[in-house]
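Where a number appears in this text, it was derived from the coordinates with a stated rule and is not lab data. Remember, it's a predicted structure, so these values are computed and weren't measured experimentally. Neighbour counts are summed over all protein chains in view; Cβ atoms, including those assigned to glycine, are modelled from backbone coordinates with ideal geometry.
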Ligand SMILES: Cc1cc2nc3c(=O)[nH]c(=O)nc-3n(C[C@H](O)[C@H](O)[C@H](O)COP(=O)(O)OP(=O)(O)OC[C@H]3O[C@@H](n4cnc5c(N)ncnc54)[C@H](O)[C@@H]3O)c2cc1C
């Protein structure tokens, strides 16, 4: 998919800034950092982040309509135009040394004067019987990735957010029928997507209902609702929110809120000087590509100010 290039990565060097994450927040941050002439390195577990898994992005200003992957291709082109080094790796911990930080992955160590954490979030699980057993055999967390396997099948999307509505719309292109199973009274999709769902004859919403079990043999065959009904289904797409990837921050004493999101101020600063955070991992109430990129850009500026201050010899 992406040609990740390790050329230009210097394992001995102390970078001015290391950005953790491979999503739009990290890339946006690094683009600004490079333009501020910081020595910047991006370390990301996967390139593209969450947005690369969605089929339709129509709310990034300047781009009327594209896929999540298409948007991230453009981010990558911009990143490459500035020769920003990117390494595909997972940071397991951050250690504070005298005037810099050491970032540990399984096999490598990276050094930086400042760090931006843009590690996003993981999809939340329902935590019900059958969910784990049928993962990849009828249970999915990504319609764009797995939807094409369900041609002419009957599937459901669990959740009532805008993302859930978009997943249902995407699935409806291929499958026979999509049920949206939502515990609330009304789905919380953007008005345009809500209208699209209502108009789509293949989509039906079942309100005030939870799934309590997923059943099957080799693959999913049915779900059990909380009213005891057994409902025949071929696939269950779970879209019930996400959990922030903030464990590495917590371990070094960075403050998080009760949802586990990193608490930042308007400068994207955390409580630990030199460490900044941005995007889905941080505590903003509304999380989109544009908001993540904006926080990432502010973090780049704050890191630039922090490193510049460090470099002044009094
Ligand atoms: C179905 C769906 C549809 C959406 N549609 C839209 C839309 O139309 N428009 C919009 O603006 N937003 C949309 N969003 C929201 C958008 O995807 C997120 O707000 C955005 O991706 C957040 O970017 P991020 O870079 O902060 O985090 P992410 O995109 O989650 O990226 C985090 C990155 O960090 C990496 N990472 C995690 N842990 C580590 C580690 N320890 N070390 C190194 N790297 C690590 C991950 O591999 C990943 O690459 C949608 C979300 C979903 C689920």
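Listed values, structure above:
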item: Whole-number percent relative contact order across segment 196-314, with pairs defined as alpha carbons under 8 Å at least 6 apart; result: 13 percent
item: Packing-based order for 36-47, 215-226, using average beta carbon neighbours within 10 Å, highest first; result: 36-47, 215-226
item: Translational diffusion of segment 1-88, µm² s⁻¹ [Kirkwood Rh, Cα pairs; Stokes-Einstein; 4 °C; 1.567 mPa s]; result: 97 µm²/s
item: Paramagnetic label zone (point 7 Å from Cα along Cα-to-C-beta, residue 221; backbone N under 18 Å) in segment 156-172; result: 156
item: Stokes-Einstein diffusion coefficient of the chain, Kirkwood radius over Cα pairs, 10 °C, 1.306 mPa s, in µm²/s; result: 77 µm²/s
item: Residues 72, 310, 79, sorted so that the one with the fewest Cβ neighbours within 10 Å comes first; result: 310, 79, 72
item: P(r) of segment 60-204 over all Cα-Cα pairs, binned every 5 Å from zero, in whole percent; result: 2, 7, 12, 14, 14, 13, 11, 11, 8, 5, 2, 0, 0
item: Footprinting exposure proxy for 250, 202 (fewest neighbouring C-beta atoms within 10 Å first); result: 250, 202
item: Alpha carbon convex hull of segment 108-191, volume per residue in cubic angstrom; result: 176 Å³
item: Average Cα contact separation per residue, the chain, under 8 Å, 6 or more apart, as relative contact order %; result: 20 percent
item: Degrees between helix 162-172 axis and first principal axis of the chain (Cα, 0 to 90, nearest 10); result: 50 degrees
item: Using alpha-carbon coordinates, inclination of helix 289-311 to the longest axis of the chain, degrees; result: 20 degrees
item: Viscosity 0.692 mPa s, temperature 37 °C, Stokes-Einstein D of segment 222-265 from Kirkwood C-alpha radius, µm²/s; result: 239 µm²/s
